[in-house]
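Please see the structure below; I have some questions.
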Amino acid sequence: MSGRLILGLETSCDETSAAVLKAPDTLEGHVICSQDEHTLYGGVVPEIAARAHVQRIDEVVDRALEEAGRALTDVDALAVTAGPGLIGALLVGVCWAKAAAFGLGKPLVTVHHMEAHLFGPSLENPEAVPPFVALLVSGGHTLLLHVPEWGAYRLLGKTRDDAAGEAFDKVARLLGMPYPGGPAIEAAASRGDEARYHFPRPMLRRNQHPGDDGFYDFSFSGLKTAVVTLVREIEADRALEPEKENIAASFQAAVADVLTEKTMHAVEELDCPRVLFGGGVAANRRLCEALAKRLEPKGVLLNASPRLSLDNGAMVARAGAFRLERGEVASLDASADPNLPFPGLIEAST
Ligand code: KG4
Ligand code: ZN
């Protein structure tokens, strides 16, 4: 199986991306095209995203193949994100991959977007393999998992409302910053005072124990509301502008505390000091540093560069290589599913 050439496609949201991967983990070509059409609207517009994928996917694949020095006919299998994500956006990648698999007579593998995020760091760091505790944080999901081996995922906790990335995006919009909000908040926060305001740390209480309701769960909508309330108070009284960086820093510090505390609960309870941090929010340096610091001295943080933390085709190809190795080939009537269940996920309390 190793040595097979996999073309991975990602179109679940607003990145059109293709990667050429020599299984299991040699990246030969990788192109990510981020759609900037959405900036104007302060969030991803599904119809615009789908149309932009249609316009770009051929070129993105061609460029990835060119970078790899390969032809489409060299490809041994196609891997594509089939969900979760925006249905119109997902369908572009899935239809493209199905057509190519049919035309080439090669196997098609459908990939779960969040499982793909789990594989991202392993493309840069050979140590980023199970067992580990995984904190997967993106624009749509916040998941805490125990991963004893690839394909076996025990769900410890998830968000009860907004995902952490969504909170970054909403707070950024509130502060008049562009979409996506994460990088904008991170940049502003680096110039602000994180002790200036104290925001709540939702779902973190003293004396919590494993088995307690919500021990591992997250909630970010109350935090966002606390920022809204503060912004209104400031605006009623004085100019908001000089406070934006302080608000961004204080908000980011609250998110960092919640994510690190919950993750450390799992590290301690499972006695597993290896933590994989994946998903777009893992591009945030301040959050990575907070986790790495808490894991010292004996723990290790397994994360990727922003390029492989944010949505990309390489992680899809890598997850596809894993599924292909297990013989999990999709039929050509496979479709996209915006609510695709996480494969191998066991929803169990600790
Ligand atoms: O995984 P991803 O690229 O797409 C989804 O699967 O949703 O994650 C995108 C999310 C967005 O909410 C974006 O604001 C956030 O990741 N993000 C960040 C940073 N870069 C992207 N959040 C915090 N800090 C960042 N530097
Ligand atoms: Zn993602």
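Coordinate-derived values only; no laboratory data. These figures come from a predicted structure and were not determined experimentally. As a convention, Cβ positions derive from the backbone with ideal geometry for all residues, glycine included, and neighbour counts pool all protein chains shown.
What's the center-to-center distance, using Cα atoms, between the range 312-341 and the range 174-241 in Å?
35
Within the range 162-193, which residues have the backbone N less than 16 Å from the label spot 7 Å out from residue 232 along Cα→beta-carbon, could you tell me?
171, 174-175
Right, next: Quick one: net charge around residue 293, please, counting Lys, Arg +1 and Asp, Glu -1 for every other residue with C-beta under 15 Å from its C-beta.
Once positives and negatives cancel, what remains is -1.
Could you work out the percent of alpha carbon pairs in the range 129-303 separated by over 30 Å, rounded to a whole number?
Percentage above 30 Å: 17.
Can you pull the one-decimal nm distance between simple spin-label points at residue 239 and residue 326, each 7 Å off the Cα toward Cβ?
Using points 7 Å along Cα→Cβ, the separation is 5.7 nm.
So if I restrict to the alpha-carbon atoms in the range 93-167, what is the Rg, and what is Dmax, the biggest pairwise distance, in Å?
That works out to 15.4, 43 Å for Rg and Dmax.
For the range 167-232, state the average projected area of the convex hull of the C-alpha atoms over all orientations, rounded to one decimal in nm².
Directional mean of the projected Cα hull area for the range 167-232 stands at 5.3 nm².
Could you grab the relative contact order for the range 248-350? Cα pairs under 8 Å, six or more apart, rounded to a whole percent.
22
How large is the dipole of the range 129-303 about the Cα centre if only Lys and Arg carry +1 and Asp and Glu carry -1, each at its Cβ, rounded to the nearest 20 debye?
140
Share of Cα-Cα pairs in the range 1-59 beyond 15 Å, in percent? If you can, show how the numbers build up before the last one.
Numbers: 893 of 1711 pairs.
That tail contains 52 percent of the Cα-Cα pairs.
So which residue, out of 282, 236, 172, gets the largest mean-square fluctuation from a GNM of the chain using Cα contacts under 10 Å as springs?
Between 282, 236, 172, it is 236 that shows the largest mean-square fluctuation.
Here is a follow-up. Hey, which of these cross-link pairs are over 23 Å Cα-Cα: 158/244; 262/298; 224/262; 22/158?
158/244; 22/158
Using only C-alpha atoms and all pairs of different ones, pull out the Kirkwood radius for the chain in Å with one decimal.
Every distinct Cα pair counted, the radius reaches 20.6 Å.
Would you compute, from DSSP H runs of 4+ residues alone, the mean residue ellipticity of the chain at 222 nm, taking -39500 (n - 2.57) per run and dividing by the full residue count, rounded to the nearest 500?
It lands at -13000 deg cm²/dmol.
Could you tell me which GluC sites (Glu not before Pro) in the range 34-130 are loop residues by DSSP with no more than 14 other beta carbons within 10 angstrom of their beta carbon?
Answer in residue order: 37, 127.
Of the trypsin sites (Lys or Arg not before Pro) in the range 275-309, which ones lie in a loop per DSSP and count no more than 15 other C-beta atoms within 10 Å?
Of the trypsin sites (Lys or Arg not before Pro), the ones in loops of the range 275-309 whose Cβ has at most 15 other Cβ atoms within 10 Å are 298.
Compute the distance in nm between two label points, each set 7 Å from the Cα along the Cα-to-Cβ direction, one at residue 294 and one at residue 161.
2.1
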